[in-house]
Each structure stands twice: as structure tokens, then as C-alpha cells.
1. If I filter region 28-45 down to residues being within 23 Å of the chain's Cα centre (by Cα) and outside any loop (DSSP other than H, G, I, E, B), which single residue comes out as farthest from residue 96 (Cα to Cα)?
2. In region 272-286, which residue that is under 23 Å from residue 109 (Cβ atoms) and out of contact with any helix residue (DSSP H, G or I) (no Cβ under 7 Å at 6 or more places or on another chain) is surrounded by the fewest Cβ atoms within 10 Å (Cβ to Cβ)?
3. Hey, residue 68 hits all of (1) at pLDDT 95 or above; (2) under 24 Å from residue 319 (Cβ atoms); (3) surrounded by 19 or more Cβ atoms within 10 Å (Cβ to Cβ) but one; which does it fall short on?
4. Residue 233 - would you say it is within 15 Å of residue 77 (Cα to Cα), in contact (Cβ under 8 Å) with a residue 12 or more places away in the chain and touching a strand residue (DSSP E or B) at 6+ places or on another chain (Cβ under 6 Å)?
5. Give the number of residues within region 93-111 that are assigned to a loop (DSSP other than H, G, I, E, B) and under 23 Å from residue 210 (Cα atoms).
6. So how many residues does region 306-331 have that are in contact with a strand residue (DSSP E or B) (Cβ under 8 Å, 6 or more places away or on another chain) and either more than 30 Å from residue 70 (Cβ to Cβ) or part of a helix (DSSP H, G or I) (or both)?
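The values are calculated or read from the model by the stated rules, or taken from the named source; none is laboratory data. Keep in mind the model is a prediction, meaning the values are calculated, not measured. Virtual Cβ from ideal backbone geometry, glycine too; neighbours counted across all protein chains shown.
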């Protein structure tokens, strides 16, 4: 697994869900642990990425160009769990925005390797938030876990409200997220876009790394074609034939987009349609890294075609949900935005 993390580098042990156990976690109830101070979104330091600051969302591999200054849309990106219990002090239910090491970990992983995929199509706004500990997904303290996730969502919601009031200025909006971020953006899309006046600004949602049901929203459906707008894309990546431990008998009610065809068809799409993924060095694009197919609520991929892949027995590719399809995602955002602007 460490070799797999070296290959893809990006997220944290938090995104591997049941593959890498955390060492430190909350042992008390939510009320018994002090809540970290709330973020102030008028403070640039409480954003992991803004189009007006130099940050890791500005990064690109060789041959690509960041174009936020001239981008015609905004991307509101919510990062995955980075507060994963790796350090002895990580025993709160929610992460602290004053934790500089945690912020750095976020910036140098998910913001660089994931949020950056959108920096040609849109101006990137990625809030820091009091993210729930990885334990909210693992543990048996369901009531406390819900309170921790609710607190995290309230931060994301306030960040989005601040963004709307101070930054958006009526521009088209793309919502993007991974893992815990998708837990929150699913709520955000339902509250702010689903059947509301703001829906007219909604281009598309990339709600990746968590199961999102096909009927999660009343008026926003899963995307069925590469150029469709006012819809959402979602997938969770696993090796072909693998069912994760938490998989139910059949999860066909979960929406799955194949990011090589941008349809929900279960037809296998060969790796020749994969225009390029990125690895740890983030130095160049590697075309043809995997083929993929949709299978009963999962995205199954064939063998990895990257250096070192033969010695990695990796079944859960959650860590690489975005990396493996970096260029396909990047181009698809541009396509959907152009279709939206042409309406």
C-alpha cells in the first residue's frame, strides 16, 4: 500500500477507507471535546485556494496551462478528509484550521493533485473547513459522527455563502469534490441549486469518491453524455472484479459515470480513450493508464499501466479517483462549460 501511495501520492490515508487504519481518534463524545474555532472566510488564510492568491491549485504538469485569470466560470472545490488520525494530537472530532501541518498536508496533496484539474476552466475557490475526523466513517459512534459532519458542513455552507456574496458576481458555477468533500457538496447542491433560482448558474457537479444516489436531487440528474449540463458526475474506483467490504448486495441505485466515455453505460472503455493521468511527481501526463467500466454502483478499472504497478496489489483505487482520469476530466469541464455558455 505504501508503494501505491508513492505512485499516486495525493490524498491521505483517510481516502483509502478500511485499507489503512488510523492510529489516533476521538474516544469521547462530541460534546466532551472542545470544538475548534470557526473559520472566518473574509480571511484569505481560511481558503486553501483562491484565484487571487498563489496556491497549489495553480499548479500544472508539463504541457498544461493554468488560466484562472481569464476563466469564464468559478469552481467551488471541497477537499477530502485529511484529518486522519496519523498524529497523536488528532483526537478531536473535527480538524483545527490553526493546525499548520494539517493545512500543508491538504495543500500539497488534494489541492495540488485534484483541485488543479479545474484551473483551466474556472477560478478555483477551495475553503478550509473543520473537517470531520476519518473516524466519522469508520467508528460506531454514529451520533457523534453525524454531529462532526454537520459541523463540517456548516463551515462549507458558510464558505459558499461568503463566496456567493463576495466573489461570484453571477458567473457560472461548477461544484467539485472528493470523498468527505462529496458528503458535503451533495448537501450543498441540494440546498442551494436543486430547484432554486441559483440553478440557472449551475454548470455541472463532479461529486467524486462517495456514493451519490441517482435520485439524490429532485431536478438535477446524473449526466448521461459528455456535453450535458445541469447534471452531476460521480464514481468510485476499484480494480475489476473487486467489491469493497462495505458493498451491499447490489448498489445499482448509486449513480456512476465512466470518466472515459462520460456516460453511465456499463460498456467497457479501453485505456486508449484515457488521455492521461498524473503520478506523484506531477511532472507529466501519462496517457492510457487504465480502461474502465461501470458495474452496479462501482467504477471498475483494468490493470494499471504505470511504473511500479506490477508490484502493487491495489484493489481500492479511491486514492486515485481523479489522478487516473486527470486529462479526461480537465477537457470535459471545458466542454460542458462551453455548452453552458452557448445556451
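1. 44
2. The qualifying residue surrounded by the fewest Cβ atoms within 10 Å (Cβ to Cβ) is 281.
3. Of everything listed in (1) at pLDDT 95 or above; (2) under 24 Å from residue 319 (Cβ atoms); (3) surrounded by 19 or more Cβ atoms within 10 Å (Cβ to Cβ), residue 68 misses just condition (2).
4. yes
5. Going through region 93-111 one residue at a time, the tally reaches 2.
6. 13
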